[in-house]
Amino acid sequence: MAHPIRHFRYLIYLLDILLLSCTAFGGPQVHLMMMIERLVRKRKYITEEELLELQALCQVLPGPSSTQTVTAIGLKIGGQPLAYLTLLVWSIPAMVLMTMAAIGIHYLNQNQISLSFTRFVGPMAVAFLMYGAYAIARKVIHDAQSWSFLIISIILAYLYPSPYMTPVLIISGGIAASLNFRKHEKMERGPIRIAWRPIIFWISVLIAAAIVGKITNSLPVRLFENFYRNGSLVFGGGQVLIPILYNEFVEFKHYLTEQEFLSGMALTQVVPGPVFSIATFVGSLSMQPHGITGQIIGGFVSTAGIFLPGTFFIFFAYPFWDQLKRYRGIRASLQGIHAASCGLTIAAAISMFEPMANNWQSVATVIGTLLILSFTKVPSYLIIIAGLLLGLIIR
């Protein structure tokens, strides 16, 4: 009798995740509060302490923190099968909405319908990025070393906007910071028992996608590899992913125009669920020469590519996280990783703002949005909707 009851409980859990995925606006901080309210206090799947511990683990792993947190909850209460189902249920609503948005923008472009009604949305999206960079900096920049990593990252990422600069800065920051491990308190350490299978899967998928993409030159396969690689390197959430995607797909590969990308950035504030859904939008628009079917495929492979690495990392790290975080070198490296990630975000905000600097309307929109974000509690999706309405009213 126990199995049917357990399976019914898992079904209720997945319905709760679906409800969250359709109502969770506002990014990881808001997502966490909604998880505490529904999954902890109402359903009691786990304790609040356990949820915060899982969230802390996800913060130090590459990948989308909110997605990894709900996946980790599924892993904790039902093992890997439930974790994969959780990932699927959590990501599908945003994937569908962002793919539809990409198809809509392509339709407008094809029919030469002006996107001028989105002209306030681009500056608003840049303001969101600036505010996100500020929020991250407040959390991670506390000493001269972090300031040094931050400034170096900003300069190098701004001067060399290549997708290859991202892993170089993040890995270099982590290694450099880990050298100062003696500043961290020693903690009692126990034996670490590591299950290598998830990491073997992660590396195998990465290598296979790179080889198949190179041999076939298939755009969907190459998109999957691009997003899989980026999803393996992003520390700090969606605000850090955005500049990485901008550098690779707008400035480096020119798959999207700047206006299209900024529209996608803004739409992530309107769509519920993970901020990483920007990857779905970018992947779908990258396939626009291949028609609606191509765009649907692009949205799907990009979503799979961006979310799978973080899931493998959770499967790998969760069993021995309690012991891993006791190593001073690991704790020390996070300081450099987060500072470098913050630098990438700031550099992207500067690059995106530059073309707008000579337009007083865009500058005023950026400043106005920053003031609203700083001094009010207006939800981000309402700000973006107001910007779209403003674009329709003011000609």
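The values are calculated or read from the model by the stated rules, or taken from the named source; none is laboratory data. These numbers come from a predicted model, not from an experiment. Neighbour counts run over all protein chains shown; Cβ positions are idealised from the backbone, glycine included. Accessible surface areas use protein heavy atoms only, side chains included; no ligands, DNA or RNA. Shrake-Rupley method; radii C 1.70, N 1.55, O 1.52, S 1.80 Å.
A few points about this structure:
- Inter-label distance, residue 251 to residue 50: 4.4 nm, where each label sits 7 Å from its Cα along the C-beta direction.
- The chain: DSSP helices with Cα axial extent of at least 27 Å and average Kyte-Doolittle hydropathy no lower than -1.0: 2-23, 65-110, 121-140, 197-216, 291-317, 328-353
- Efficiency of FRET between residue 159 and residue 330 - r from beta-carbon atoms, R0 25 angstrom, step 0.05: 0.25
- Separation of the residue 148 and residue 323 label points, Cα + 7 Å toward Cβ, nm: 3.4
- Secondary-structure-derived ellipticity at 222 nm for the chain, considering helices only, amounts to -24500 deg cm²/dmol, per-run term -39500 (n - 2.57) for DSSP H runs with n ≥ 4.
- Summing Cβ point charges (Lys, Arg +1; Asp, Glu -1) relative to the Cα centre of segment 308-395 gives a dipole of roughly 280 debye.
- Protection proxy ranking of 265-276, 343-354 - average other beta-carbon atoms within 10 Å, highest first: 265-276, 343-354
- Added length on full extension, which subtracts the Cα-Cα distance from 0.36 nm per residue, residue 393 to residue 359: 10.3 nm
- Heavy-atom surface analysis with a 1.4 Å probe gives segment 245-370 a carbon and sulfur content of 65 percent of its accessible area.
- Placing 321, 196 in order of accessible area, with the largest value first and a 1.4 Å probe, yields 196, 321.
- Most to least packed among 121-127, 331-337 [average Cβ atoms within 10 Å]: 121-127, 331-337
- Across the protein chains, with a 1.4 Å probe defining accessible surface, the residues 254, 338, 290 rank 254, 290, 338 from largest area downward.
- Net charge dipole size for the chain [Lys, Arg +1 and Asp, Glu -1 on Cβ; Debye, nearest 20]: 880
- Residue 52 accessible area, 1.4 Å probe, all protein chains in place, Å² to nearest 10: 80
- Value of relative contact order over the chain, rounded to a whole percent, pairs C-alpha under 8 Å and six or more apart: 32
- Computed FRET value (nearest 0.05) for residue 6 with residue 34, which takes r as the C-beta separation and R₀ as 35 Å: 0.90
- Using Cβ point charges alone (K and R +1, D and E -1), the dipole size of segment 202-307 about the Cα centre works out to roughly 260 debye.
- Computed from label points 7 Å out along Cα-Cβ, the spacing between residue 76 and residue 179 is 3.8 nm.
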